[in-house]
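A short write-up of the structure that comes next.
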Amino acid sequence: MVQKPELNAAIVGAGMSGICMAAKLQDAGIDTFTIFESADEVGGTWRDNTYPGLTCDVPSRFYSYSFRPNSEWSRLMSPGPEIQSYFSQVATERGIRPHIRFGTEVTSARYRDGQWWVGTSDGEEAFDVLIAATGVLRIPRYPDIQGLETFAGPSFHSSRWDHSLSLPDKRIGLIGTGSTGVQITAELGGNIKGLKIFQRTPQWVFPTPNLRYSRVSKAALARWPVLNKVSYRFWQTYIEHASLGRAAVEPCWQRRMMSALCRWNLRLSVRDPELRRKLTPDYHAMCKRQVLAGHYYQAVQKPGVHLVSEAIDHVEPAGVVTADGTLHELDVLVLATGFDARAYVRPMEIIGENGVSLNEAWADGPHAYRSVAVPGFPNLFMLMGPHSPIGNQSLVIIAENQADYAMWWVNKIRDGHIVSAAPTELATNDYNASMKAAMPQTIWVTGCKSWYLGKDGLPELFPWIPRRHRELLSTPQPDDFDVRTA
Ligand code: NAP
């Protein structure tokens, strides 16, 4: 057995999961890793999204690394800039920044002669292990609306917010009522000259007041770190068992309760029957990615805010024209129209053994072994890969579990026990077949359109409770892998 002290790893992406992976490598005493980051700062989605009203809709105590509690969160669900500064701070204090090559986009990665050759504009470099930490919702999805490019005023995607604009004197058109559109509405509604919300499909909104932490509670959390742990576990239990974690994947009282609370929220918040009718979805709560918000319905009813449920026909220089022929004159058009949820590690070109590309391997849709590894792609580990339990969960704990799983194999390679590992086709197919069989229990297949659904109409999500994902990742099955030794 030969120790391989020089094991080097490439991590693609310096967002939440890339920083997490780097911290895990450091904890294992591995300092020979490089993080490739195309932007000039860490943070991923929290760096890119800066729209007004951006907050996390998962309680911050649980949306933190378990190894780095933060007593300073200002609210139950903290604003985006605070979350961005948390990840930035972790990268700095853990000494991760010197490992990051900012402004360096990875365009390809090829597995050749037992190593991953990572291609950037600087050329190719070899690594023993490749970690794809490229996030899930990264590539903006622009709507296919006739005449969109002819709009005379500023128009941009929600994740590319133009902060040079002064908003109060503007008439803003907002296309999209997903989690993003709802947060923008809650922030801008009533605070600008006019807000027209173009709604294609109504959303169920789960009432979630965003309480502020007092100075006393922050001081107590800083003084007694055990309180952070207790609070982390409390929110974990609430999310994973008492609410969405279970409700989404099996018929249970939590599902009925969530559904009832969404209905009551709408009924009690919107008195005007016509507006309520427009805002009432014709599908089950949680079928689409569940929206959690405190002030959405209130904002929709503020002066100057109009909900347009008529379909968009086209866009003209002056504004949006709906199917009934009405021209909605606008100064600014915001596209809160979501992201390409099928991209995963792409557009990076990944070529595994035998010259097979990930695009080819995923011709029928992205799939993986336990969400982290792909047959034919040895020593490639993905964080937030296909079928990760990402619907209304804290993605931070998922990244930690996946990074721990990758570390199990990384340690074996570093210690010289093995040279490479990739899951077998058989194990991967069995795993995906068992997920497929479990899908009918989930709420995501009950008759709505959502970004969860793949090419085959089935959700690309983990169909069991989050604890099961954790258990699967904490008990690696070496027999499910093609393992090579020196
Ligand atoms: P989204 O959930 O995909 O919603 C996109 C919205 O745009 C939908 O309302 C969609 O209508 C509408 N739309 C798309 N194309 C359209 C068209 N051609 N004409 C009219 N409407 C159109 O996107 P998102 O709101 O950006 O959220 C994406 C995900 O990001 C969320 O699901 C969540 O996972 C994450 N997110 C998280 C937070 C957080 O706090 N943690 C906050 C924001 C976002 P249809 O419903 O009819 O398709």
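The values are calculated or read from the model by the stated rules, or taken from the named source; none is laboratory data. Computed from a predicted model, the values in this text were never measured in an experiment. Reconstructed Cβ throughout: ideal geometry from the backbone, glycine too, with neighbour counts over all protein chains shown. These accessible areas exclude ligands, DNA and RNA; they are computed on the full protein's heavy atoms, side chains included. Shrake-Rupley method; radii C 1.70, N 1.55, O 1.52, S 1.80 Å.
The figures follow:
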| quantity | calculated |
| --- | --- |
| Inter-site label distance for THR424 and CYS252 at 7 Å from Cα along Cβ, in nm | 3.3 |
| Cα-based Lys proximity count in the chain, under 21 Å, for pairs eight or more positions apart or on separate chains | 19 |
| Length-normalised contact order of the chain in % [C-alpha pairs under 8 Å, at least 6 apart] | 21 |
| Accessible area expressed per residue, the chain, with surrounding protein chains retained (probe 1.4 Å, Å²) | 42 |
| Per DSSP, loop trypsin sites (Lys or Arg not before Pro) in the range 220-321 with at most 13 further Cβ within 10 Å | ARG271 |
| Cα gyration tensor category, rounded, prolate or oblate, for the range 141-285 with a/c compared to 1.5 | oblate |
| Centre separation in Å (Cα based) which lies between the range 396-420 and the range 119-168 | 30 |
| Computed helical MRE - 222 nm, the chain, DSSP H runs ≥ 4 contributing -39500 (n - 2.57), nearest 500 | -8500 deg cm²/dmol |
| From phi via Karplus (6.51, -1.76, 1.60), per-residue ³J(HN,Hα) for the range 128-140 in Hz, x at Gly/Pro | 6, 10, 10, 10, 9, 10, 8, x, 9, 9, 10, 9, x |
| Qualifying chymotrypsin sites (Phe, Trp or Tyr not before Pro) in the range 14-77, DSSP loop, other Cβ atoms within 10 Å at most 15 | PHE67 |
| Prolate/oblate/rounded label for the range 380-452 (Cα gyration tensor, a/c 1.5) | oblate |
| J(HN,Hα) series, the range 260-276, from Karplus relation 6.51 cos²θ - 1.76 cosθ + 1.60, nearest Hz, glycine and proline x | 5, 5, 5, 4, 5, 4, 5, 4, 7, 8, 10, 8, 6, x, 5, 5, 5 |
| Carbon + sulfur, % of accessible area of the chain - ligands and nucleic acids excluded, 1.4 Å | 53 |
| Amide H contacts under 5 Å for LEU292, placed H, 5+ residues apart | PHE206 |
| Percentage relative contact order, the range 396-477, counting C-alpha pairs under 8 Å, at least six apart | 37 |
| Rounded FRET efficiency, nearest 0.05, which uses the C-beta distance separating LEU268 from ALA152 and R0 of 35 Å | 0.30 |
